[in-house]
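Student: Next up is a structure, given as structure tokens.
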Amino acid sequence: MATRDLHDHPFDDGTITKLEIFENYAKEWLPTFVMSYPDKELWIFDFFAGTGRDINGIAGSPIRLLQQVKAQSGNIFNKKCKIHMCLNEFEKEKYNLLQKCCDEFVKNDSELARLSDTYLFLHYRNCDFAELFPKTLTTISANPSLVLLDQNGMKFLADKYLLDLEGLSQTDFLYFLSSSYFIRFGETEAFQTNLKIDINRIKENPYKYVHKSILEQLKCKLPNNSKLKLYPFTIKKGANIYGIIFGAKHPRAVDKFLKTAWDKNNINGEANFDIDDDLKKVQLSLFDGKLPTKIERFQNELQEKLIQGILRTNKEVYDYTLECGHLPTHSSDKIKQMKKEGIIDYNEKSPLINYEQVYKKNRIVIYKIVKK
Ligand SMILES: C[S@@+](CC[C@H](N)C(=O)[O-])C[C@H]1O[C@@H](n2cnc3c(N)ncnc32)[C@H](O)[C@@H]1O
């Protein structure tokens, strides 16, 4: 299957979106772990690291990760936290460029140079991911880890890798895939032996939803009692659909990813375009009555669930909000509005729907329905 080489051209807008999501998530991930795991070792794996930069010098994933390590250097020194970065690239020529690019970046940056070899360790690998991944599983599972799987195409989204990742408890991962390849090649033996996905089910939905549809099928492959949560971010580039799949077990990680995704697109938090035509719905309201946007639909369903007593506390609402791929502020805004309208009441100044209150402080707020 032919794939276009990312490093022969300047990064396009879709690639930049992907890289920004990787980087912005690392920006959230690093301080969380540096601050909560003093004296510990944190691992970041960039299994398909490329050359470090594109042909115009725009930073690729490894340099972006290093920039985020630099941004945390003060905390890393204070907390004596060791950051290990495993940077892997299969093609020898690219691997050489990668190593030179990252070594120079560290050497020429005073903060990173100071961290280097005491608190920052770069582990370069020139391996086939299929061989390297099983060898690294012990390290990944023994330490808080962030795993980037920025493959070309979707060859490495195999059932076995997904299930390996499912088995890890303190690992967050970002998987990139060229989802529209599935429409073209999904029925071939190469695909079907590695990843069984029902293409007819994918084709039942409009093409723009291909990435989301793949993710729905991947969720069905997880064991019934799995705590792993998967979220999509669809990236449209010309006629093709790509996407990121984020996976993590911890609610704090999910919260941080959703913040990253909604920061990228505050209309839907799941695509680099208006995937559900929400902007049209806002315009339509003037003439044809209001069609709810994604946020409004979620808020209406939340209100229904509160009124029916299906959700009763800030914890239940917080968990439900993450499950639905929304931001805690979407729920808070609705609940505050319901209080104003005299539908709901609670003994706090605010609904306290956030990770800090729910999971760190264990502060539980009970919402009482006053008027149905
Ligand atoms: C989409 S690019 C990654 C881009 C990189 N994240 C960046 O920001 O520049 C995928 C990379 O994976 C490399 N690659 C291809 N097959 C591989 C394999 N089997 N194992 C590891 N790397 C591989 C390619 O040479 C390519 O550089």
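The values are calculated or read from the model by the stated rules, or taken from the named source; none is laboratory data. Since the model is a prediction, treat every value here as computed from it, not as a measurement. Don't worry about glycine lacking a Cβ; one is built from the backbone with ideal geometry, like all the others, and counts go over all protein chains shown.
Student: Return the total of residues in the range 150-160 being of a type in the set (D, E, K, R) and part of a loop (DSSP other than H, G, I, E, B).
Tutor: Matching residues across the range 150-160 total 2.
Student: In the range 284-334, which residues are farther than 24 Å from Ala253 by Cα and surrounded by fewer than 14 Cβ atoms within 10 Å (Cβ to Cβ)?
Tutor: Once the filter is applied, which keeps residues that are farther than 24 Å from Ala253 by Cα and surrounded by fewer than 14 Cβ atoms within 10 Å (Cβ to Cβ), the range 284-334 yields Leu284, Ser285, Leu286, Phe287, Asp288, Gly289, Lys290, Asn300, Glu304, Gln308, Gly309, Ile310.
Student: Restricting to the range 26-80, and then to whatever is among the polar types (S, T, N, Q) and over 25 Å from Leu137 (Cβ atoms), can you tell me which residue is nearest to the chain's Cα centre (by Cα)?
Tutor: Of everything passing the filter in the range 26-80, Gln67 is nearest to the chain's Cα centre (by Cα).
Student: Just checking, does the range 309-318 include any residue being within 30 Å of Thr17 (Cβ to Cβ) and outside the structural domain of Lys18 (by TED's automatic domain parsing)?
Tutor: Yes - at least one qualifying residue is present in the range 309-318.
Student: If Leu87 passes every condition in (1) outside any strand (DSSP E or B); (2) within 16 Å of the ligand (Cβ to nearest atom) but one, which one does it miss?
Tutor: (1)
Results for (1) more than 13 Å from the ligand (Cβ to nearest atom); (2) not in a loop (DSSP other than H, G, I, E, B), shown as yes or no for each residue.
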site	(1), (2)
Phe121	yes, yes
Phe133	no, yes
Leu148	no, yes
Leu162	yes, yes
Leu165	yes, yes
Leu168	yes, no
Phe182	yes, yes
Lys208	yes, yes
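Student: Filter the range 290-300 for residues that are assigned to a helix (DSSP H, G or I) and more than 20 Å from Val370 (Cβ to Cβ) and give the result.
Tutor: Lys294, Ile295, Glu296, Arg297, Phe298
Student: For the range 337-359: of the residues being in a helix (DSSP H, G or I) and exposed (fewer than 15 other Cβ atoms within 10 Å of the Cβ), which is nearest to the chain's Cα centre (by Cα)?
Tutor: Across the range 337-359, the extreme among qualifying residues is Glu356.
Student: With more than 15 Å from Asp172 (Cβ to Cβ), aliphatic (A, V, I, L, M) and buried (at least 22 other Cβ atoms within 10 Å of the Cβ) as the only criterion, which of Val34, Val69 stands out?
Tutor: The conditions single out Val69.
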